[in-house]
Structures are given as structure tokens and as C-alpha cells.
Amino acid sequence: MIVLPDDKKRLLLGFGSRLEALIYQRFRSKDQFLAASGFYKANLHGIITGKSDPQLSTLYRLAKALDLTLDELLQGLTPGPESNPSAEGAEAGPATFTAATAPVNAS
């Protein structure tokens, strides 16, 4: 699958939304997550806002900090079908997650 720039942007924004939701499911605040995980606030902000494209090692660290597997962290990540390339001037929404609002089973 070739990921085009618009798809990449949607994927990063969608992942950021999912990550933020997972953080709030497991921690009272982002600051509590930062203290427990050792991530820097600026780095986390970049990932959540879709401005940063995290490496696999960073995704692994995020998953471990949230007590998830990589599969669970990335569950449901797809570029959303919201974009319609034939619609002139159409804005594409963020990536969608099939389980974005559903809690991941905590072990």
C-alpha cells in the first residue's frame, strides 16, 4: 500500500487522537503519563497533534508505557474514507479507528 501525503497526515492525526484517548483511559492526566513513562512533553505533544511521525521504537515505548502490545496500540488504524479526491476543495478528516472510543482490555 502506498501512503500518500494526505493519507499520512490523516494517519498521524488519527493515531494522535487514539493515543490521547488511551492515555486518559489509563492515567489521570498527560503529566501523570509523562512522569510514569519518561517521555518529554514536547515529544508527546508532537505525536498527539500529528506533527511528529514516531519511529517504531517510540511506538514500542508508548505501548509499553500504556501496558499494551503494539497491535493493541495501533488497533483499527486506517486512513479514513472521509476524503473524496474528486471533490474539489474537500478537506480530509483525521484517520478513523474502528475502536477509538472503546477501551482496550486491560490485563
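Worth pointing out:
- Extent along principal axes [Cα atoms of region 5-71; Å; largest to smallest]: 33, 21, 19
- Neighbour-count order for LYS30, LYS51, fewest beta carbons within 10 angstrom listed first: LYS51, LYS30
- Sequence-distant residues sharing a close amide H with THR78 (under 5 Å, placed H): THR96
- From least to most packed, judged by other beta carbons within 10 angstrom and beginning with the fewest, ASP53, ASP71 follow the order ASP71, ASP53.
Every read-out reported here was derived from the displayed coordinates using simple, explicitly stated rules and does not represent laboratory data. On a predicted model such as this, the values are computed, not experimentally measured, just so you know. With ideal geometry, Cβ positions are generated from the backbone for all residues, glycine too; neighbour counts draw on all protein chains shown.
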